[in-house]
Every structure is written in structure tokens, then in C-alpha cells.
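Asks: First the structure, then my questions, so here it is.
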Amino acid sequence: MISFNSEKQIFKLDTPNTSYVFGVEDKGKYLIHYYYGKRISGDDVRYLAVPDEGALPSANKRDKLSFLDCAPYEYPTKGVGDFRTPALSVKNEKGNEATELFYDSHKIIKGKTVTGKLPGTFGETADVLEVTLKDPVLNLSVILRYGVFNDVDAITRSVIVKNEGDKPLTLTRVLSLSLDTDDKDYELITLYGSWARERTIDRKPLRHGHQGVSSMRGITSHQEHPFMALVTPDATQKTGEVYGFNFVYSGNFDASVYLNQFNFSRVTLGINPEGFEWKLEPGAEFESPEGVMVFSDEGLGRMTRTFHDLYRNHLIRSPYKNRKRPILINNWEATYFDFNTEKLLAIAKQASESGIEMLVMDDGWFGNRFDDNRALGDWKVNEEKLPGGLKYLVDEVNKLGLKFGIWMEPEMVSPDSDLYRAHPDWAIQIEGREAGLARNQYVLDLTRSEVLEHTWQSIKAVMDSANIEYVKWDMNRPLADIGSKALDKEHLGEFYHRYVLAVYELQNRLVTQYPALLLENCSSGGARFDPGMLYYSPQIWCSDDTDAVERLSIQEGTAIVYPLSSMGAHVSDCPNHVLGRTVSFETRGHIALAGTFGYELDITKIPEEDKNMIPKQVEMYHKYNDLVREGDYFRLASVRENGIYDSWMVVKKDKKECLVTFVGVINRPNYKPFKIRLEGLLPDKLYKDEDTGREYYGDILMNAGITINRFHGDARSTLIHLKCE
Ligand code: GLA
């Protein structure tokens, strides 16, 4: 709900349990932030931010800078006296970089839709507040857009910057949100990683000055992630105050906290200003991506569940959003590049007999792609491997009762490809400098319309050639050597953002023209796992590390923000191809069950014993996936913290059913059984453990807990399924 107190000029944004309050200060001029936290009744909390009216610039002209230097601005700008991190910086024709914004007007809109070329959250249960600010010297207008959800504790923010003058301006920084917080001793949680080690949770106390995470790779990256949480030091899964921030974007980002001289922190989130410059011609406008803010006074768990609900209900659009995904078998770890129709059909046949529902043909089916050194860009089937082409293969797979999915990496070109030989200038490069290769490939300059159109036609030709019901859209290298024939010196700073917009355009065409398609994004595993991608694909491949034990941390870090329904997770072969570790087939299944679930192995070669377990696992998936996909997720224990065991549970929205997963990661001799307390249940209801028949009241499960016998061996796991009437 959004309200405006016209007498006091205060805006109040309420979600079910949070309030966000700001107002217009100093005779209708500055937009000042007052409060963000647990829901409050009234709106007049301006005394929190403006304790002394005499300090306002109009009353104290001689010390205007003292005010600007410490006022909690709603949207701070560079160059006039606020020396903390700015959200906006604009250069005029003469090169001056100063902007000062004053309140102009506002409007409240019912319902939230996605406009423009960027992904975003939507919903009839949300309202939008647009506050227009103006800089009369630059003739610049800035619209601050707030999406306020009435069914989930989330507020989204973005801005639209318009040049209303007659001279061009240059935007050097347009962040999506800025938030000045209280002077509490917060700790900062971020996610870091590497290839095969994505989204590891990191928590450290804030120190004075700047800190944060960012990407300059053109993609969100394995290394850092556009998520950040400020938490009180007492914050656990269940207790403490938590401010969570996430960015609905798939390119260079910057998420920062600046802790100032008075112990107040400023959080900023947006497109990375490094490598960004946008020329704004008279009459033109620029729209920023959306930042998401979530507040919880019930710890991290509550924040997580808010993000999950927001993304499941108000971001993911796919027809599969509320549906079970077909259990797939992917041939990457089964065959790598060494496959043909016969091999794939052999896999498909056995998969179909085991209850698997879709075959996904991974990398290696096109052009001269016998290894990862060539052929990207040549999206024509390799008839040597697949005689009769895609159509024959897909028809045969369909006859076996399986759907068919395909891998593509449309943004790339190999130097050894027909496409590159015909259009060497289509690769991103700087004239006169040899562009660097990664995995022996270049990135296509999708900011050029002819390159984008060609790429789209290539995708379309593949899609139209057979009954393709799933696409794995991969992206296996970062962007570097930024140069483009489409952008002159004045516009080159627009490259990274234009590239991301082009990827969105292509994926939008794909899901619009093939509305039944199940799209899964991927980027060398999970380097582009972000909310921007979720707007196009309901699931994203989490990591190339399919080792079940490593997956515990990767999936824990991913699930801190993203719903389990979005995490691509498969059972793969052992010893694991990345780590060489062997984990029981059962445990591999239990851990993959916390994601989309599927297989990534050669079913014709795995031990008979494992193969015989597949039908049971298929049954398990069908039994629990509705619960896992739609339920509330609770993190009960983390092997990252205790070094021994890991556990999570999913509770049905009506709280009458839950599934607990418990993994004993490292075995220790001569200890008592594990004890674990459950969460999110109805205290006075009697729950029955389906396996043992034992009954427990909800409050016993949550306060006294349950015991789990020690396992014999490492990385053993169990599922506990409880239900009440
Ligand atoms: C990336 C993906 C893998 C696989 C390979 C194919 O690394 O993450 O799952 O598709 O590319 O080359």
C-alpha cells in the first residue's frame, strides 16, 4: 500500500510486515529518507532524519554542505556536497559533473507491469509510486519508481532519467537504488565463488569506508553476485534484522556499502559505473534495471522465503512456473563430444524405461564441433554424428515417449567456424589489438543489429527444424576487448548495457515465439544465475560441479535468494568428474531433489545397482516436487558452519506437510544420534512420520526436535516426510 500525507509531504510504502518512509524536506525541495524496517502505524517519523530544522539549507545557507554531507538522501547525486557514494552522476556538455535534484511531482499507479526492454517484477497485488525529481540547471528529470507488494515483503526500485533540455548530457552513473540506514553495527553478507564453486556465503562485520561486490565481466559472474544483505550481528536463520538486496540484471553490477563518519551506512546497487557511460540526447530517456529490497526482523530465513515468493509469483513467467518440469537426462557428462544418433537413442531408450521424461542433447551436435575448439556460430546439424538431422533424432526420441531438448550457445563464435570466416568483424574486438580468447571462443557483438538478427535467425532455424521442447542457453566466457563497429567514441560506454539488452531481446523473442518452451539458462555452470535471467527461464543451471557434497554449499548459497524450483540440479556419475569423489546414488538423488532434478550420466554404463534406483528416484521426484517447488524453505543446519552435517526442509504453504532432508557429510565415531529442530509447522497439530509411523506434535518437532541415527559412511542422507490432518 502506498500513501502520501500531503500536509506533511510524507510518502509511506507498506508491505504486509514492513514500512518504508521518506518525505520532501526544506520547503518542497529535497527527498529525504526517514525509515525502513518493521511495519509502523503512523507516518511522521521525519524527526529521525531531520532533528534540527535550523540545519536545513534554506535556514542555514552558509553551511549547506554540512547538511548535504550527512542527510539521508533518497537518491543521492554527485558533485554538490554529498561526498558519500552517489546514485546518479551526470556530465554536462562542458564536462561538469554536478546534479542536484528537487521534488517536482508524484503519481501512484495500481498494479505493476513490466515496461520497456528490461526484465522486472510484476503483479496486480503491487502498486507503483513514481516520484519525479528535477535538476533545473541541467533540465534533467529523474523518476524514482517504487514497486510495493501487498502480498510479500518486497519493494523494488528503479529510475528513469530524462533529458528535457536541448543539450546532450552524459550519464556516468545511474544506480537503481540507494538506502541510508541506521547507525547499527551491521554485518555484511555477500556471495563469492569461482567456476564450480558458485555462491559461497561470506559474512563479515562492516568497516568504515567502502566495501562491496561487483562484476566487470559483462555477466553477473561466478566470482561475485548481485546480492547483499546487511544483518545485525545477532542475525541467525530465525532471529535478527536483515536487509536483503538483489539486482534484476545480468551484466556488470555494483553492490556497495559505505560506512560513514557517523556510523551510518549507505547501500547502493546498480549497473557498475565502471565501464559505463550513456549519452542522453535531448528528449531521450534512460531506464535503469530493477533493484529489490527485502526487510526481515525474523532473521535470514524470513528474507529468503520472501525472495522465493517474490520470484516465484512475480518474476518468473514461464508456463512451467507452477508445473513440474520433465525429468531430463543430459548427455554432457555421459559422452561429452563423443556421441551420435545411435548413442543418444540408446541413452533415450533406457531413460524412457526408467521413467525419465526428456533427453537433452548438450554441446557437440553442430558444425565441426568435435571438441570445444571450434564451430560455435555454425548452428547446422553435424550429419556425420546425426545422420538424418535433428528431425530424425527428435522424432525417434519422441517415439520412445521422451521430450527432446537441445543445447545452444548463441552469443558465441569460434575462430574456426564458417561464421567467423565470413564475418571476422562480428566478434567483439578493438581495432588494431588482438582480442583475447577464452575456451577458444569470441563473443558476438550483439549490439549490432545485423549480428543480432543473424543470431535470432540461427536460433529460429534450429527451433523450427524439429520438435524441440527445451533449450539450454549457455554462455561460456566473459566479455573483454570492448569495441564495436556499431558504437562510436561517444557511445562506446554504452556497450556492456546494450549487450545485456540484446541478450534479453533474443531470449524474449525465443520465449514469445515458442511459448511452450522450457528454457534453462547456463553460463559455465552458474555464472549468470540472476533474477534477470529468471524472467526468461524458470530454471538456471546452478554449477558444473555436480558433486553432491560440493552441491550442498552451492545450493545453500543459491537458495539464500533463489527458489529451489529455479536451481538446475542433476544426479551425475561417480567418481565425480570435477572432484573424483564418490557419493552414494541415494544421496546424490536427495540433493538433486532440492532443485529441478534430472540426470547427467550415461545410463547405459552406470552400475546396475544405480540404474535400478532410478525408477524409485523418479517416483520420489513425482511425489515431492510440488512440495519442493512451491513450499516454504527452511535452512536447518549448514555443513559450512558445523563441518559435519547439513539439513533443510520444505513446508507446504498450509503447513500440514513437510519434507526434511538431512545429510551426514562427515562420519565421526561414537557419537549420539543427530538432533535437529524443525520449523514452520503448526504447533498444536499431530504430525506423522510416514516411514516410522511415529507421531509428534508440531511444537515438539520445532522445540524439542527429532533425532536421526548416525549413518555408516560419509555423505549419507535421509528424507523425513511428515504430515498432519
Ligand atoms: C558449460 C556448461 C556445461 C556444458 C558445457 C558444454 O560448461 O555449464 O553444462 O553444457 O558448457 O560445452
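Asks: Identify the residue in segment 470-483 that is out of contact with any Cys (no Cβ under 8 Å at 6 or more places or on another chain) and part of a loop (DSSP other than H, G, I, E, B) and, among all such residues, is farthest from Ser194 (Cα to Cα). Please lay out each step first, then the result.
Replies: The initial filter retains those residues of segment 470-483 that are out of contact with any Cys (no Cβ under 8 Å at 6 or more places or on another chain), namely 470-471, 476-483.
So of that shortlist, the ones also part of a loop (DSSP other than H, G, I, E, B) come out as 476-483.
Numbers: Asn476: 13, Arg477: 13, Pro478: 13, Leu479: 16, Ala480: 18, Asp481: 22, Ile482: 23, Gly483: 26 Å.
Within segment 470-483, the match that is farthest from Ser194 (Cα to Cα) is Gly483.
Yes or no, residue by residue, for (1) of a type in the set (A, V, I, L, M, F, W, C); (2) over 12 Å from the mean Cα position of the chain (by Cα):
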residue	(1), (2)
Arg199	no, no
His208	no, yes
Gln211	no, yes
Ile219	yes, no
Thr232	no, yes
Gln237	no, yes
Gly244	no, yes
Gly251	no, no
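Asks: Scan segment 440-469 residue by residue and report those that are part of a strand (DSSP E or B) and in contact with an Asp or Glu (Cβ under 7 Å, 6 or more places away or on another chain). Working first, answer last.
Replies: Just the residues of segment 440-469 that are part of a strand (DSSP E or B), to begin with: 441-444.
Listed by number, the residues that qualify are Val443, Leu444.
Asks: For the list (1) away from the ligand (no atom under 16 Å from the Cβ); (2) closer than 30 Å to Arg551 by Cα; (3) of a type in the set (A, V, I, L, M), I need the number of the one condition that Val451 fails.
Replies: Unmet condition: (2).
Asks: So which residues in segment 335-367 are touching a helix residue (DSSP H, G or I) at 6+ places or on another chain (Cβ under 9 Å), within 15 Å of the ligand (Cβ to nearest atom) and open to solvent by 20 Å² or more (accessible area, probe 1.4 Å)?
Replies: Gly367
Asks: Just for strands (runs of 3 or more DSSP E) wholly inside segment 197-314: which have at least 1 residues that are within 16 Å of Gly557 (Cβ to Cβ)?
Replies: Per the criteria, 200-205, 209-214, 224-231, 242-248, 253-259.
Asks: Something else now. Out of the residues in segment 530-550 that are open to solvent by 10 Å² or more (accessible area, probe 1.4 Å) and within 15 Å of the ligand (Cβ to nearest atom), which is farthest from Pro326 (Cα to Cα)?
Replies: Glu550
Asks: Residue under question is Lys279, and the condition is that it be more than 16 Å from the ligand (Cβ to nearest atom) and open to solvent by 40 Å² or more (accessible area, probe 1.4 Å); does it hold?
Replies: Numbers: more than 16 Å from the ligand (Cβ to nearest atom): yes; open to solvent by 40 Å² or more (accessible area, probe 1.4 Å): no.
In short, no.
Asks: Which of the residues spanning segment 241-269 are among the small types (Gly, Ala, Ser) and either open to solvent by 10 Å² or more (accessible area, probe 1.4 Å) or touching a Lys or Arg at 6+ places or on another chain (Cβ under 8 Å) (or both)?
Replies: First, the residues of segment 241-269 that are among the small types (Gly, Ala, Ser): 244, 250-251, 255-256, 265.
Result: Ser250, Ser256.
Asks: Here are Gly120, Gly116: which of them is among the small types (Gly, Ala, Ser), assigned to a loop (DSSP other than H, G, I, E, B) and open to solvent by less than 20 Å² (accessible area, probe 1.4 Å)?
Replies: Working: Gly116 fails: open to solvent by less than 20 Å² (accessible area, probe 1.4 Å).
None of the others qualify; the one that does is Gly120.
Asks: Scan (1) crowded, with 24+ Cβ neighbours inside 10 Å; (2) more than 16 Å from the ligand (Cβ to nearest atom); (3) outside any helix (DSSP H, G or I) for the single condition Ser565 breaks and write down its number.
Replies: It is condition (3) that Ser565 fails.
Asks: Assess whether Gly28 counts as being in a loop (DSSP other than H, G, I, E, B), on the phi > 0 side of the Ramachandran plot, among the small types (Gly, Ala, Ser) and open to solvent by 20 Å² or more (accessible area, probe 1.4 Å).
Replies: Values: in a loop (DSSP other than H, G, I, E, B): yes; on the phi > 0 side of the Ramachandran plot: yes; among the small types (Gly, Ala, Ser): yes; open to solvent by 20 Å² or more (accessible area, probe 1.4 Å): yes.
Against the criterion (in a loop (DSSP other than H, G, I, E, B), on the phi > 0 side of the Ramachandran plot, among the small types (Gly, Ala, Ser) and open to solvent by 20 Å² or more (accessible area, probe 1.4 Å)), Gly28 qualifies.
Asks: Still on this structure, I have one more. Among the numbered conditions (1) assigned to a helix (DSSP H, G or I); (2) touching a Ser or Thr at 6+ places or on another chain (Cβ under 8 Å), tell me where Glu619 comes up short.
Replies: (2)
Asks: Report yes if Tyr36 is closer than 30 Å to Asn150 by Cβ, assigned to a loop (DSSP other than H, G, I, E, B) and within 33 Å of the chain's Cα centre (by Cα), otherwise no. Break it down into steps so the answer makes sense when it comes.
Replies: Details: closer than 30 Å to Asn150 by Cβ: yes; assigned to a loop (DSSP other than H, G, I, E, B): no; within 33 Å of the chain's Cα centre (by Cα): yes.
So Tyr36 does not fit the description; no.
Asks: Can you name every residue in segment 523-536 that is assigned to a loop (DSSP other than H, G, I, E, B), among the small types (Gly, Ala, Ser) and touching a Ser or Thr at 6+ places or on another chain (Cβ under 7 Å)?
Replies: Residues of segment 523-536 assigned to a loop (DSSP other than H, G, I, E, B): 524-525, 527-530, 535-536.
Subset that is among the small types (Gly, Ala, Ser): 524-525, 527.
If the condition is that a residue be assigned to a loop (DSSP other than H, G, I, E, B), among the small types (Gly, Ala, Ser) and touching a Ser or Thr at 6+ places or on another chain (Cβ under 7 Å), then Gly525, Ala527 are the ones that fit.
Asks: Moving on. Return yes when Glu520 is acidic (Asp, Glu), within 15 Å of the ligand (Cβ to nearest atom) and part of a strand (DSSP E or B) and no when it is not.
Replies: Values: acidic (Asp, Glu): yes; within 15 Å of the ligand (Cβ to nearest atom): yes; part of a strand (DSSP E or B): yes.
Spelling it out, Glu520 is indeed acidic (Asp, Glu), within 15 Å of the ligand (Cβ to nearest atom) and part of a strand (DSSP E or B).
Asks: Output yes when any residue across segment 478-497 is over 30 Å from Glu285 (Cα atoms), among the acidic types (Asp, Glu), open to solvent by less than 10 Å² (accessible area, probe 1.4 Å) and at pLDDT 95 or above, and no when none is. Walk me through how you get there before you give the answer.
Replies: Initial filter on segment 478-497 (over 30 Å from Glu285 (Cα atoms)): none.
No, that holds for no residue.
Asks: I've got another one for you. If I ask for residues that are buried (at least 21 other Cβ atoms within 10 Å of the Cβ) and either within 16 Å of the ligand (Cβ to nearest atom) or hydrophobic (A, V, I, L, M, F, W, C) (or both), which ones from segment 415-436 would you list?
Replies: Step one: filter segment 415-436 for residues buried (at least 21 other Cβ atoms within 10 Å of the Cβ), giving 417, 419-420, 426-429.
Once the filter is applied, which keeps residues that are buried (at least 21 other Cβ atoms within 10 Å of the Cβ) and either within 16 Å of the ligand (Cβ to nearest atom) or hydrophobic (A, V, I, L, M, F, W, C) (or both), segment 415-436 yields Ser417, Leu419, Trp426, Ala427, Ile428.
Asks: Does Ile155 meet the test of being out of contact with any Lys or Arg (no Cβ under 8 Å at 6 or more places or on another chain) and assigned to a strand (DSSP E or B)?
Replies: Values: out of contact with any Lys or Arg (no Cβ under 8 Å at 6 or more places or on another chain): yes; assigned to a strand (DSSP E or B): yes.
It is true that Ile155 is out of contact with any Lys or Arg (no Cβ under 8 Å at 6 or more places or on another chain) and assigned to a strand (DSSP E or B).
Asks: A follow-up question, please. Select from segment 149-171 the residues that are open to solvent by less than 20 Å² (accessible area, probe 1.4 Å) and either of a type in the set (S, T, N, Q) or within 30 Å of Pro233 (Cα to Cα) (or both) and list them in ascending order.
Replies: Phe149, Val152, Asp153, Ala154, Ile155, Thr156, Arg157, Ser158, Asn163
Asks: Which of (1) open to solvent by less than 40 Å² (accessible area, probe 1.4 Å); (2) within 24 Å of Leu552 (Cα to Cα) is the odd one out, the single condition Tyr687 does not satisfy?
Replies: In the conditions (1) open to solvent by less than 40 Å² (accessible area, probe 1.4 Å); (2) within 24 Å of Leu552 (Cα to Cα), Tyr687 misses (2) alone.
Asks: Identify, by number, the condition in (1) under 30 Å from Lys117 (Cα atoms); (2) part of a loop (DSSP other than H, G, I, E, B); (3) among the aliphatic types (A, V, I, L, M) that Ile603 doesn't meet.
Replies: Status for Ile603: all satisfied but (1).
Asks: If a residue has to be in a loop (DSSP other than H, G, I, E, B) and either free of Cβ contacts under 8 Å to residues at least 60 places away in the same chain or surrounded by 22 or more Cβ atoms within 10 Å (Cβ to Cβ) (or both) to count, how many in segment 642-665 make the cut?
Replies: Of the residues in segment 642-665, the ones in a loop (DSSP other than H, G, I, E, B) are 643-644, 652-656, 665.
With the extra rule that they be either free of Cβ contacts under 8 Å to residues at least 60 places away in the same chain or surrounded by 22 or more Cβ atoms within 10 Å (Cβ to Cβ) (or both), the set shrinks to 643-644, 652-655.
Here the count works out to 6.
Each row is one residue, and each column tells you yes or no for (1) surrounded by fewer than 21 Cβ atoms within 10 Å (Cβ to Cβ); (2) among the charged types (D, E, K, R); (3) touching a residue at least 24 places away in the same chain (Cβ under 8 Å).
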position: His577; (1), (2), (3): yes, no, yes
position: Thr582; (1), (2), (3): yes, no, no
position: Glu586; (1), (2), (3): yes, yes, yes
position: Gly595; (1), (2), (3): no, no, yes
position: Asp602; (1), (2), (3): yes, yes, yes
position: Lys611; (1), (2), (3): yes, yes, yes
position: Gln617; (1), (2), (3): no, no, yes
position: Tyr624; (1), (2), (3): yes, no, yes
position: Leu627; (1), (2), (3): yes, no, yes
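Asks: Here's another thing I want to ask about it. Mind checking which residues of segment 469-494 are within 16 Å of the ligand (Cβ to nearest atom) and aliphatic (A, V, I, L, M)?
Replies: Within segment 469-494, the first condition is being within 16 Å of the ligand (Cβ to nearest atom), and the residues that meet it are 470-478.
Scanning segment 469-494 gives Val471, Met475.
Asks: For segment 299-333, how many residues meet the condition of being of a type outside the set (S, T, N, Q) and within 16 Å of the ligand (Cβ to nearest atom)?
Replies: Kept after step one, since they are of a type outside the set (S, T, N, Q), are these residues of segment 299-333: 299-303, 305, 307-312, 314-317, 319-321, 323-329, 332-333.
If we keep only those that are within 16 Å of the ligand (Cβ to nearest atom) too, we end up with 328-329, 332-333.
So the answer is 4.
Asks: Go through the residues of segment 401-414 one by one and say whether even a single one is more than 20 Å from Tyr599 (Cβ to Cβ), open to solvent by less than 60 Å² (accessible area, probe 1.4 Å), over 26 Å from the mean Cα position of the chain (by Cα) and touching a residue at least 40 places away in the same chain (Cβ under 8 Å).
Replies: Among the residues of segment 401-414, at least one is more than 20 Å from Tyr599 (Cβ to Cβ), open to solvent by less than 60 Å² (accessible area, probe 1.4 Å), over 26 Å from the mean Cα position of the chain (by Cα) and touching a residue at least 40 places away in the same chain (Cβ under 8 Å), which makes the answer yes.
The values are calculated or read from the model by the stated rules, or taken from the named source; none is laboratory data. All of these numbers come straight from a predicted model, not from anything done at the bench. Every residue, glycine among them, receives a Cβ derived from its backbone with ideal geometry; neighbour counts consider all protein chains shown. Each accessible area value is taken on the protein alone, full model and side chains, heavy atoms only, with ligands, DNA and RNA left out. Shrake-Rupley method; radii C 1.70, N 1.55, O 1.52, S 1.80 Å.
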